[in-house]
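Right, one structure below, let's go through it.
The values are calculated or read from the model by the stated rules, or taken from the named source; none is laboratory data. The model shown is predicted, which means the values in this text are computed figures rather than measured ones. FYI the Cβ positions are ideal-geometry reconstructions off the backbone, even for glycines, and counts take in every protein chain you see.
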Amino acid sequence: MAEHFFSQYIDTVRVKGKDIPVRIYTPMRFDKAAQQKEEFAAFNQAIALYLTRQFSKAYEMLTPLNNNHPHKLYQTYMARCVFFQENPPDMAWDGVFTYIIK
């Protein structure tokens with residue numbers, strides 16, 4: 001039986017020494033996606049809020065996700081939301097996280 005997969009968006013990053021951002025995805029099995037459909041939808045909504053600078057609302061969506069399904073990805077975005085609430089990005093911010101170390 002053939003297995004079917006899809007890609008779940010994780011992040012867009014700019015690695016040290018490179019100017020062009022790279023989108024990161026993780027492969028997911030369709031049968032697993034059906035079980036976690038609500039979780040994926042909530043994460044995608046939180047990311048959409050994050051990318052439109054609605055950091056407080058994104059944090060509010062990520063909190064129950066992390067409480068119900070603790071994950072480093074959710075915790076990373078929550079920390080970024082807190083940081084950007086306290087240190088708003090400039091108008092040129094493109095939503096890309098830039099790594100300054102390898």
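Checking the conditions here, which among 6, 84 is aromatic (Phe, Trp, Tyr) and either loosely packed, with under 11 Cβ neighbours inside 10 Å or at pLDDT below 85 (or both)?
Unique residue meeting the criteria: 6.
Just to be sure I understand the filter: pairs with C-beta atoms under 7 Å, separated by 6 or more residues or on different chains, first member in segment 51-64 and without any contact (Cβ under 8 Å) to a residue 60 or more places away in the chain and among the aromatic types (Phe, Trp, Tyr), second member surrounded by 14 or more Cβ atoms within 10 Å (Cβ to Cβ) and in a helix (DSSP H, G or I). Which pairs pass?
55/81; 55/84; 59/78; 59/81
Against the condition in a loop (DSSP other than H, G, I, E, B) and surrounded by 13 or more Cβ atoms within 10 Å (Cβ to Cβ), how does residue 53 come out, does it pass?
Answer is yes for this residue.
Look through 33, 42, 92 and report the one residue that is exposed (fewer than 12 other Cβ atoms within 10 Å of the Cβ) and at pLDDT below 95.
Unique residue meeting the criteria: 92.
Going through segment 62-102 one residue at a time, which ones are over 22 Å from residue 15 (Cβ atoms) and in contact with a strand residue (DSSP E or B) (Cβ under 9 Å, 6 or more places away or on another chain)?
Hits for segment 62-102: nothing passes.
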